[in-house]
Amino acid sequence: LQRFRGRNALFEKPKDAPTVAFPPDGSEVEADGGFLVVKVRDGIAPFTWLANGKPFAVATYERQSVLETDGAGFITLSVIDAKGRSARAQIRLH
């Protein structure tokens with residue numbers, strides 16, 4: 001017998017896809033001295049990090065990176081893994 005996936009299986013996120021571990025989506029964060037530490041959970045290295053669509057860490061094998069911030073405001077963080085899977089989080093900096 002052959003098993004078929006359900007209709008929504010196409011839109012489900014794979015279990016090992018990357019997620020932005022820190023800062024979590026919707027959080028408000030103090031930018032300590034103009035720098036923000038970002039972390040990814042799951043996914044396959046190397047990772048590419050983007051802030052508001054602009055890369056700030058490319059092909060890094062570390063699960064943690066540092067973003068230099070311009071000050072207070074909203075930032076959309078994105079991370080892309082080696083398989084092209086991505087995750088996104090919107091945060092507010094104080």
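With the requirement that a residue be farther than 17 Å from A89 by Cα and of a type in the set (D, E), what does segment 5-37 give you?
E12, D16, D32 - these are the residues of segment 5-37 that are farther than 17 Å from A89 by Cα and of a type in the set (D, E).
Which one of these does G33 not meet: (1) under 15 Å from D81 (Cα atoms); (2) small (G, A, S); (3) out of contact with any strand residue (DSSP E or B) (no Cβ under 9 Å at 6 or more places or on another chain)?
With (1) under 15 Å from D81 (Cα atoms); (2) small (G, A, S); (3) out of contact with any strand residue (DSSP E or B) (no Cβ under 9 Å at 6 or more places or on another chain) applied to G33, the lone miss is (1).
Quick test for you: out of A87, A31, pick the one residue that is at pLDDT 95 or above and either touching a helix residue (DSSP H, G or I) at 6+ places or on another chain (Cβ under 9 Å) or among the small types (G, A, S) (or both).
Being at pLDDT 95 or above and either touching a helix residue (DSSP H, G or I) at 6+ places or on another chain (Cβ under 9 Å) or among the small types (G, A, S) (or both) holds for just one of A87, A31, which is A87.
Within segment 34-76, restricting attention to residues that are β-branched (V, I, T) and part of a loop (DSSP other than H, G, I, E, B), which residue is modelled with the lowest pLDDT?
Filtering segment 34-76 for residues β-branched (V, I, T) gives 37-38, 40, 44, 48, 58, 60, 66, 69, 75-76.
Now restrict to residues that are part of a loop (DSSP other than H, G, I, E, B): 44, 69.
On the way: I44: 96, T69: 90.
Restricting to residues being β-branched (V, I, T) and part of a loop (DSSP other than H, G, I, E, B), the top hit is T69.
If you check R63 against the conditions, is it closer than 17 Å to F22 by Cβ and surrounded by 12 or more Cβ atoms within 10 Å (Cβ to Cβ)?
yes
Of P24, P14, which residue is touching a residue at least 24 places away in the same chain (Cβ under 8 Å), part of a loop (DSSP other than H, G, I, E, B) and within 12 Å of the chain's Cα centre (by Cα)?
P24
Just a yes or no: is a residue in segment 28-43 touching a residue at least 60 places away in the same chain (Cβ under 8 Å), within 30 Å of A72 (Cβ to Cβ), surrounded by 10 or more Cβ atoms within 10 Å (Cβ to Cβ) and not charged (D, E, K, R)?
Yes.
Which condition does A9 not pass, out of (1) small (G, A, S); (2) at pLDDT 95 or above; (3) over 15 Å from the mean Cα position of the chain (by Cα), if it passes all the others?
Condition not satisfied by A9: (2).
State all residues of segment 64-82 that are charged (D, E, K, R) and in contact (Cβ under 8 Å) with a residue 40 or more places away in the chain; if no residue qualifies, say none.
D81
The values are calculated or read from the model by the stated rules, or taken from the named source; none is laboratory data. Being a predicted model, the structure only gives us computed values, none of them experimental. Glycine also receives a Cβ, built like all others from the backbone with ideal geometry; neighbour counts cover every protein chain displayed.
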